[in-house]
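Data block below; observations after.
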Amino acid sequence: MYGADAMGVLDRTNEKTGRYAAAAREVAAACGAPCVDLFARTQLASSSDGVGEGLFVDGIHFSAKGQRLVFDALRTCLQEM
């Protein structure tokens, strides 16, 4: 999609990210694999009275606070296996 064929501004929207996350959940379910849905977790945190404030340093890459969210999610998933 990008790379040599990139044309102008990258089209990275929350809506498209949500669709990608939904597809990843479906594939994981079909394969019987666990899925750590970071999209849902960041959306939930961001809608919880500012709890999600500062999860990203630039809108894409996790801050220390966001990395903690990832760690906690992965740890929970591994403990449930």
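Each reported figure results from applying straightforward, stated rules to the coordinates on display, with no laboratory input. Note that this is a predicted model, so its numbers are computed, not measured. Don't worry about glycine lacking a Cβ; one is built from the backbone with ideal geometry, like all the others, and counts go over all protein chains shown.
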**3J(HN,Hα) from dihedral phi, region 63-69, Karplus parametrisation 6.51/-1.76/1.60, rounded to Hz, x for glycine, proline** = 7, 4, 5, x, 5, 5, 4
**Request:** May I ask you to sort 37, 11 by Cβ crowding, counting other Cβ atoms within 10 Å and putting the fewest first?
**Result:** 11, 37
**Asked** Along the charge dipole of region 22-81, Cβ charges K/R +1 and D/E -1, which of 78, 31, 62 sits furthest on the positive end?
**Response** 78
**Fill in**
Residues meeting the amide H criterion for residue 56 (H placed from the backbone, H to H distance under 5 Å, 5 or more places apart or on another chain) are 63
**Residues residue 20 and residue 68, FRET efficiency given R0 of 25 Å [Cβ-Cβ distance, rounded to 0.05]** = 0.60
**Message:** Just to confirm the filter: which trypsin sites (Lys or Arg not before Pro) across region 27-81 are DSSP coil and have at most 15 other Cβ within 10 angstrom of their Cβ?
**Reply:** none
